[in-house]
Amino acid sequence: MLAWEQKHFDRAVSDAFGFHALQLGLSQCDALAANRMPHKFMACETVPTDYTLDRPLFLTNYEALPFSDASLDLIVLPHTLELSYDPHATLREVERVLVPEGRVVIAGMEPLSLWGASKALGRGVPEFGDLISQRRIRDWLKLLSFEVQGNEMGCYRPIVHSRRWLRRWAWLDTAGRRSWPFLGSVYTLVAVKKVRGMRLLNPPFKRP
């Protein structure tokens, strides 16, 4: 899963320009590795024991980010909403600190999938909180005036602990992308913050 997400994070952030980028949580994945902004930060709710990234680390509540309004150009949420105490409040906070036309990249696990079914049965992925469907995330983004510009789904293999069986099921990832792309266990969404402004109109021309 981390390998699949790393590839799509790199693709989503490589062409995002600005000055300040933030990754919220999941220090095991360097979601900003392919981004070239001069100031990149990591924010977590607790100190990661295995933190090795060469960038500033903030300890904060996801529902109250220590940044001023419209101050960040890019935010990446790798399973952050699933692990947040209040995912909708977290997304509102992301909207607050993003500049107009700023980008947010979200990764999540689809509840209507093989992995979602495994979690519902109490098997696999126990560290994740309540899974949030891609459709629900899209509704939240629309309410907050975000425009979804891209999405991907992947990880079609069932959860198994044997590397041997992981290799045997590898063909499902290729077949799933081609035959049933909407049944992927993991998704990424890329959205841009839109701000409606006023358009000034010139007065109508009148002859003297």
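The values are calculated or read from the model by the stated rules, or taken from the named source; none is laboratory data. Source: prediction; values computed, not measured. Note that each Cβ is placed from the backbone with ideal geometry, even for glycine, and that neighbours are counted across all protein chains shown. Note: areas computed on protein heavy atoms with side chains; ligands, DNA, RNA excluded. Shrake-Rupley method; radii C 1.70, N 1.55, O 1.52, S 1.80 Å.
Restricting the first residue to the stretch 177-198 and requiring it to be part of a strand (DSSP E or B) and at pLDDT 75 or above, which pairs with a second residue that is basic (Lys, Arg) and open to solvent by 10 Å² or more (accessible area, probe 1.4 Å) meet a Cβ separation below 6 Å and a spacing of at least six or different chains?
Once the first residue is part of a strand (DSSP E or B) and at pLDDT 75 or above and sits in the stretch 177-198, its partners that are basic (Lys, Arg) and open to solvent by 10 Å² or more (accessible area, probe 1.4 Å) give Val192/Arg103.
So if I check each of Ala12, Ala43, Ala33, which one is over 13 Å from the mean Cα position of the chain (by Cα) and not in a strand (DSSP E or B)? Working first, answer last.
Values: Ala12 fails: over 13 Å from the mean Cα position of the chain (by Cα); Ala43 fails: not in a strand (DSSP E or B).
After ruling out the rest, the residue left standing is Ala33.
Could you check, for the stretch 75-90, whether at least one of its residues is surrounded by fewer than 23 Cβ atoms within 10 Å (Cβ to Cβ) and under 11 Å from the mean Cα position of the chain (by Cα)?
yes
Go through the stretch 46-64 and report how many residues are assigned to a loop (DSSP other than H, G, I, E, B) and either more than 16 Å from the chain's Cα centre (by Cα) or loosely packed, with under 13 Cβ neighbours inside 10 Å (or both). Walk me through it before giving the result.
Residues of the stretch 46-64 that are assigned to a loop (DSSP other than H, G, I, E, B), as a first pass: 46-56, 60, 62-63.
Subset that is either more than 16 Å from the chain's Cα centre (by Cα) or loosely packed, with under 13 Cβ neighbours inside 10 Å (or both): 46-56, 60.
The number of residues fulfilling the criteria is 12.
Report yes if His8 is open to solvent by 10 Å² or more (accessible area, probe 1.4 Å), within 14 Å of Ala107 (Cβ to Cβ) and touching an Asp or Glu at 6+ places or on another chain (Cβ under 7 Å), otherwise no.
Working: open to solvent by 10 Å² or more (accessible area, probe 1.4 Å): yes; within 14 Å of Ala107 (Cβ to Cβ): yes; touching an Asp or Glu at 6+ places or on another chain (Cβ under 7 Å): yes.
Yes.
Please find, within the stretch 15-30, the residue that is farthest from the chain's Cα centre (by Cα) out of those that are among the aliphatic types (A, V, I, L, M) and part of a loop (DSSP other than H, G, I, E, B).
Taking the stretch 15-30 as the starting set, the residues that turn out to be among the aliphatic types (A, V, I, L, M) are 16, 21-22, 24, 26.
In the following step, the residues that additionally are part of a loop (DSSP other than H, G, I, E, B) were identified as 16, 26.
Details: Ala16: 14, Leu26: 11 Å.
Only one residue fits best here, namely Ala16.
Does the stretch 36-59 hold any residues that are out of contact with any strand residue (DSSP E or B) (no Cβ under 8 Å at 6 or more places or on another chain) and aliphatic (A, V, I, L, M), and which are they?
Residues satisfying the conditions do not exist here.
Answer yes if at least one residue in the stretch 96-119 is touching a Leu at 6+ places or on another chain (Cβ under 6 Å), modelled with pLDDT of 90 or more, surrounded by fewer than 21 Cβ atoms within 10 Å (Cβ to Cβ) and not polar (S, T, N, Q), and no otherwise.
yes
Between residues in the stretch 21-32 that are at positive phi and residues that are buried (at least 20 other Cβ atoms within 10 Å of the Cβ) and among the aromatic types (Phe, Trp, Tyr), which pairs lie under 9 Å by C-beta distance while being six or more apart or on different chains?
Every condition considered, the pairs that remain are Gly25/Tyr62.
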